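Trainee: A single structure is presented below for examination.
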Amino acid sequence: MKEPKQLSVSAIQNGTVIDHIPARNLFKVISILGLDHIHNQITFGTNLESKKLGRKAIIKISDKYFEDEDINRIALVAPDAKLNIIRDYEVVEKKVVEVPDVIVGIAKCMNPKCITNFESVTTRFRVVSKKNVSLKCHYCEKITNQENLHII
Ligand code: CTP
Ligand code: ZN
């Protein structure tokens, strides 16, 4: 018999549940989505057990539905995130995040001489590889990859 499911964070009535966030990147996701600036009810859990991620985090945002374009901004820090759209307590849609073709802000250019590192210019990259993240700087054309990726 299947064990009854225990929710470590209460169910929500309407809104978005973002599951399978690597625990170490929870606060980056919060900041990328601007969740620290909105007035919706938000609950989260972190360091929850996950077979796939070791330790995962989950965020539940009541009465908020994101545009794909906005949610895809978290792909750099939470590539395996699963979105669940909740209406009237039911999961009505599941989505995965996709690394966008262009990344504006979010990541820092690894080139210390890049203009974005000494003037207040928003970083901008073209994504040259989505699997092993590889970003080409719009300004200096240097490649920033997974190993030297720093989130601003
Ligand atoms: N959830 C919620 N409020 C609801 C319904 C679901 O917070 N009213 C959350 C669940 O806690 C879960 C996620 O939304 O974290 C997905 O729900 P569900 O599809 O029922 O769970 P699973 O089958 O475990 O989903 P998956 O295996 O796809 O992660
Ligand atoms: Zn650069």
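Trainee: Would you please give the FRET efficiency between residue 27 and residue 118, computed as 1/(1 + (r/R0)^6) with r the Cβ-Cβ distance and R0 = 22 Å, to the nearest 0.05?
Mentor: On the way: r = 26 Å, r/R0 = 1.19.
According to the calculation, E is roughly 0.25.
Trainee: Taking 8 Å as the Cα distance limit and 6 or more residues as the minimum spacing, I'd like the relative contact order of the range 33-152 as a percentage. Show your work: numbers first, answer last.
Mentor: Details: 181 pairs, mean separation 19.0, N = 120.
It rounds to 16 percent for the range 33-152.
Trainee: Using 0.36 nm times the number of residues separating residue 70 and residue 140, minus their current alpha carbon distance, what extension gain do you get?
Mentor: Numbers: separation 70, 0.36 × 70 = 25.20 nm, distance 2.56 nm.
Length difference between fully extended and current span is 22.6 nm.
Trainee: So between residue 152 and residue 55, what do we pick up on full extension, going 0.36 nm a residue minus the alpha carbon distance?
Mentor: Working: separation 97, 0.36 × 97 = 34.92 nm, distance 2.28 nm.
Result for the pair: 32.6 nm of gain on full extension.
Trainee: Still on this structure, please answer the following. Given Cα pairs under 8 Å that are at least 6 residues apart, what percent is the relative contact order of the range 101-152?
Mentor: Numbers: 95 pairs, mean separation 19.9, N = 52.
Contact order relative to length: 38 percent.
Trainee: If I take R0 = 30 Å and measure r between the Cβ atoms of residue 36 and residue 5 in this structure, what FRET efficiency does the formula 1/(1 + (r/R0)^6) give, to the nearest 0.05?
Mentor: Calculated value: 0.50.
Trainee: Arrange the peptides 22-30, 74-82 so that the one whose residues have, on average, the most other Cβ atoms within 10 Å appears first.
Mentor: Working: 22-30: 18.4, 74-82: 20.4.
Answer by packing, highest mean first, reads 74-82, 22-30.
Every number here is computed from the coordinates shown, using simple stated rules; none is lab data. These numbers were taken from a predicted model, which means no experiment stands behind them. Positions of Cβ are generated from backbone atoms using ideal geometry, with glycine treated the same way; all protein chains shown enter the neighbour counts.
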